[in-house]
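The values are calculated or read from the model by the stated rules, or taken from the named source; none is laboratory data. Computed from a prediction, not measured in an experiment: that's the story for all the values here. Heads up, the Cβs are rebuilt from the backbone with ideal geometry, glycines too, and the neighbour counts pull from every protein chain shown.
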Amino acid sequence: MLTKVQIRECLDEMAEMFPDAHCELNHENAFELTIAVLLSAQCTDALVNKVTADLFKKYKTPEDYLNVSLEELQQDIRSIGLYRNKAKHIRNLCERLIEHYNGEIPEDHAELQTLPGVGRKTANVVMSVAFDWPAIAVDTHVERISKRLGMCRWKDSVLEVEKTLMRKVPKDEWSVTHHRMIFFGRYHCKAQNPNCSQCPLAHLCREGKKRLKKVSGS
């Protein structure tokens, strides 16, 4: 496991590599962001943005999503994985927003998680990006990077990873660290072909050391 000093080095290196890291899901408000994050489950942000480019022109409010049939909404998001379930979640989410929140996304972490299709990760993203609330959303990139570097244990659950990072990363850096770790995982330390040979953190990374040793044959 990395020491506090080593974690600080990791955070600083990621900040230098990706100073402009941000949420890459296109949106104009908290409602669109929530829909986009819901759609992004097991799907790339690039594909979601391609679909929402037309989707967000057609649907502006929760009522708009309920004024069409489920089948029509499914067709609108058909190119996205799990589109049938996601369409149902979107309609149920919109119904709940209208019934309980006057059609607005609640600015509360616990209440967000009562919305259909919204789990802890989605709630963290919405609270962080839309409402500027400190949070670390653990997606596949954040989990992979945390475990490869040794910030967390291999056996840690997603929630355990989140709690560990919250302890080890200064609170005022939670949100930006989330984005930087995603960029680091998406564009540098990829799942299949991590760029270990040119990684400034290779000397700290337990996974990187193993890969480089294997390549060198030593």
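Against the condition modelled with pLDDT under 95 and of a type in the set (Gly, Ala, Ser), how does GLY117 come out, does it pass? Spelling it out, GLY117 is indeed modelled with pLDDT under 95 and of a type in the set (Gly, Ala, Ser). The listed residues are CYS43, CYS94, CYS10, and the only one of them that is farther than 30 Å from PRO170 by Cβ and more than 19 Å from the chain's Cα centre (by Cα) turns out to be CYS94.
Is it true that THR34 is closer than 20 Å to LEU112 by Cβ, touching a Ser or Thr at 6+ places or on another chain (Cβ under 8 Å) and either outside any helix (DSSP H, G or I) or not aromatic (Phe, Trp, Tyr) (or both)? Yes, satisfied. A search for C-beta distances below 6 Å between a residue of segment 185-210 that is within 20 Å of CYS23 (Cα to Cα) and any residue that is surrounded by 13 or more Cβ atoms within 10 Å (Cβ to Cβ), counting only pairs 6+ apart in sequence or on different chains, returns GLY185/HIS141; GLY185/ARG144; GLY185/ILE145; ARG186/HIS141; CYS189/ILE145.
Of the listed requirements (1) closer than 19 Å to ASN29 by Cβ; (2) over 19 Å from the mean Cα position of the chain (by Cα); (3) in contact (Cβ under 8 Å) with a residue 60 or more places away in the chain, ARG153 misses just one: (1). Checked against the criterion of being more than 27 Å from ARG148 (Cα to Cα), polar (S, T, N, Q) and surrounded by fewer than 14 Cβ atoms within 10 Å (Cβ to Cβ), the candidates ASN29, ASN49 yield just one match: ASN29.
Check whether at least one residue in segment 41-61 is hydrophobic (A, V, I, L, M, F, W, C), more than 30 Å from ALA202 (Cβ to Cβ) and in contact with a Leu (Cβ under 6 Å, 6 or more places away or on another chain), and report yes or no. Taking every residue of segment 41-61 in turn, at least one turns out to be hydrophobic (A, V, I, L, M, F, W, C), more than 30 Å from ALA202 (Cβ to Cβ) and in contact with a Leu (Cβ under 6 Å, 6 or more places away or on another chain). Can we say ILE77 is among the hydrophobic types (A, V, I, L, M, F, W, C), over 13 Å from the mean Cα position of the chain (by Cα) and within 29 Å of TRP174 (Cα to Cα)? Here the answer is no, as ILE77 does not meet what is asked.
Farther than 26 Å from HIS188 by Cβ, assigned to a helix (DSSP H, G or I) and in contact with a Phe, Trp or Tyr (Cβ under 9 Å, 6 or more places away or on another chain): does that describe LEU93? Considered against the rule, which asks whether it is farther than 26 Å from HIS188 by Cβ, assigned to a helix (DSSP H, G or I) and in contact with a Phe, Trp or Tyr (Cβ under 9 Å, 6 or more places away or on another chain), LEU93 comes out as yes.
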